[in-house]
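The block underneath contains the structure these notes are about, expressed in C-alpha cells.
Each value in this text was obtained by applying a stated rule to the coordinates, not by laboratory testing. Computed from a prediction, not measured in an experiment: that's the story for all the values here. Backbone-built Cβ (ideal geometry, glycine too); neighbour counts: all protein chains shown.
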Amino acid sequence: MKIINGSALAKKIKSILAIDIAFCVEKYNRAPKLELVLVGDDPHSATHVGNKKKAANAIGMECDIHSLPCHTSQTELLELIDQLNKDASVDAILVQLPLPKHIDTNTIINAIDYRKDVDGLHPMNVGLLCTSSDDAIIPCTPRGILSLLQEEQIEISGKHCVVIGRSNLVGNPTARLMLKNNASVTICHSKTRDLPYLTRQAEILIVAIGCPNLIHADMLKEGAVVIDVGINSIDGKLVGDVYNSIDVPSIEKIASAITPVPGGVGPMTIASLLQNTFDIYKRNVVK
Ligand SMILES: NC(=O)c1ccc[n+]([C@@H]2O[C@H](COP(=O)([O-])OP(=O)(O)OC[C@H]3O[C@@H](n4cnc5c(N)ncnc54)[C@H](OP(=O)(O)O)[C@@H]3O)[C@@H](O)[C@H]2O)c1
C-alpha cells in the first residue's frame, strides 16, 4: 500500500508559488495580499491563523492578521469585512472558523465579497462549484485532495467515489469536485444506512468524519484509494479517521494507497489556501 506524501506535494506547490510570485511582483509591482480575521482567543484557531500567515509570508505574499477580542459584536465584524471588501489592495479574505456563538457564521460568510472569498464558502462560490464552473473558488481542503489525486496520477473519471461526511467545509464541496472531475459520487453521513455496503463499492474513498476507528478493512474494496481527512487526538497522538486506526494492518493488505495523518491532506490545505490567494491575485492584476 502506498502512503501518499502530502507534505512533499505541499512543499513543491509552495516552491513553485514562490517563483511565480517573485515574477509577478516584478511585473505587476505588488505582491498578493491575504487578510486573516481571527475573533476570540481560541488557542487552536490562533495557531492555525499564525501558521497560515507564516506560510504566506514565506512565499512572498503580504498577509495581515486582524485579531479581534471575543466580545466583538457582529456589527463590528461586518464593518471590518466591509472595509476589507472595499480595499483594492486586498486580494483575499479569510475569517477563521469557528466564530464565537453570538456571531452568525452564515451572515459573516455571506458578507465577504465572493471574489475575495479564499475559503470558497460564500453561496456564490458554492453555486459556481455546483454548476461545475471553472470560476468557482474551491474550498482549500477539497482542492488539496484533488491535487493529491492528480499528483499521484490516480484516475478520477469514471470511478466510483464515496465521500463520508457532508459538511460545507469538506464533505460537500469534495463530493462536488469529484463529480466535476467525472467520478460517480455517493455521499454518506451519520444517517446513512448500511455504510459498509456503500464503502465496499468505493474505488476512491474519502473519509471526513472526525471519528477514528469507524472504517475497517472489511469495509474496503480491493485496491481502493483512501483519502483520510480526519484529524483526531488519541492520548495526545494525532490520528486520522482511518490512518493509525486499530485496523491499519488489515487495511494495508486491501487498499492500494492512503493519505497519512499527519502529513497527508493537512499540509495540502494550507498549500491550497496559498494557491487560491494567488489565483485571485492573478484575476486582479492580469486585466
Ligand atoms: N486535514 C485537514 O486539513 C482538515 C480540514 C478540515 C477538517 N479536517 C478534519 O476532517 C474531519 C471532518 O471535518 P468537518 O469539518 O467536515 O466535520 P463536521 O462538520 O463535524 O462533519 C462531519 C461529517 O461526518 C458525518 N458523520 C459523523 N459521524 C458519522 C458516522 N458515524 N457515519 C457516517 N458519517 C458520519 C456527519 O454527518 P451528519 O451531517 O449527518 O452530521 C458530518 O457530515 C474532522 O476530523 C476535521 O478535524 C481536516
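Considering only 105, 174, 199, give the residue with the highest GNM mean-square fluctuation for the chain, with springs between Cα atoms whenever their separation is below 10 Å.
Taking springs between Cα atoms under 10 Å, the residue moving most is 105.
Quick one, can you get me the convex hull of the C-alpha atoms of region 180-287 expressed as volume per residue in Å³?
Values: hull volume 14.6 nm³, N = 108.
Value for region 180-287: 135 Å³ per residue.
For residue 39, enumerate residues with amide H under 5 Å from its amide H, sequence gap 5+ or separate chain, H modeled in the peptide plane.
Residues meeting the criterion, in which the H sits 1.01 Å from N, are 68, 96.
What angle do you read, to the nearest 10 degrees and between 0 and 90, between the alpha-carbon axis of helix 265-285 and the longest principal axis of the chain?
Computed tilt is about 40 degrees.
I'd like to know which of 102, 55, 37 lies farthest towards the positive end of the charge dipole of region 29-119, counting +1 on Cβ of Lys and Arg and -1 on Cβ of Asp and Glu.
The residue sitting most towards the positive pole is 55.
In Å³ and rounded to a whole number, note down the convex hull volume per residue for the Cα atoms of region 137-180. Please report the intermediate quantities before stating the final value.
On the way: hull volume 3.0 nm³, N = 44.
Hull volume over Cα atoms, normalised by residue count, gives 67 Å³.
Grab the alpha carbons of region 29-119, take their convex hull, and tell me the volume per residue in Å³. Could you put the intermediate results ahead of the total?
Values: hull volume 7.6 nm³, N = 91.
Taking the convex hull of the Cα positions in region 29-119, it is 84 Å³ per residue.
Order of 63, 130, 70 from fewest to most other C-beta atoms within 10 Å?
Ranked by crowding around the Cβ, least crowded first: 70, 130, 63.
For every helix of n ≥ 4 consecutive DSSP H residues, a contribution of -39,500 (n - 2.57) applies; sum these over the chain, divide by its total residues, and give [θ] at 222 nm rounded to the nearest 500 deg cm²/dmol. Walk me through the intermediate numbers first.
Values: 10 runs with 122 residues, N = 287.
Using -39500 (n - 2.57) per qualifying helix, the result is -13500 deg cm²/dmol.
When only Cα pairs under 8 Å and 6 or more residues apart are kept, what is the percent relative contact order across the chain? Please list the in-between numbers first.
Details: 536 pairs, mean separation 60.6, N = 287.
Reported as a whole number, the value is 21 percent.
Against the longest alpha carbon principal axis of the chain, how many degrees, from 0 to 90 and to the nearest 10, is the axis of helix 171-180 turned?
Tilt of helix 171-180: around 80 degrees.
From the alpha carbon gyration tensor of the chain, can you work out the equivalent ellipsoid semi-axes (sqrt of 5 times each eigenvalue) and give them in Å, largest to smallest? Write down the numbers at each step before the final one.
Details: eigenvalues 214, 88, 66 Å².
Working from the Cα gyration tensor, I get semi-axes of 33, 21, 18 Å.
May I ask you to evaluate 6.51 cos²θ - 1.76 cosθ + 1.60, the Karplus curve with θ = phi - 60°, for each residue of region 151-163 and list the ³J(HN,Hα) values in order in whole Hz, giving x for glycine and proline?
3J(HN,Hα) across region 151-163, in whole Hz: 4, 7, 6, 8, 4, 9, 4, x, 7, 8, 10, 10, 10.
Mind listing P(r) for region 106-200? All alpha-carbon pairs, 10 Å bins, whole percents.
16, 45, 30, 9, 0
About the Cα centre, and with charges only on the beta carbon of Lys, Arg (+1) and Asp, Glu (-1), how big is the dipole of the chain? Nearest 20 debye, please. Don't jump to the answer; show the numbers that get you there.
On the way: 28 positive and 31 negative charges, 96 e Å.
Its charge dipole is roughly 460 debye.
Could you tell me, in Å, what Rg and Dmax come out for the Cα atoms of region 1-42?
Rg and Dmax of region 1-42, Cα atoms, are 16.0, 47 Å.
Between 193, 176, 115, where does the largest GNM mean-square fluctuation fall for the chain, given springs only between Cα atoms within less than 10 Å?
Fluctuation is largest for 193.
Please determine, in degrees from 0 to 90 and to the nearest 10, the orientation of helix 74-86 with respect to the longest principal axis defined by the Cα atoms of the chain, where the helix direction is its Cα long axis.
Relative to the chain, helix 74-86 is tipped by roughly 80 degrees.
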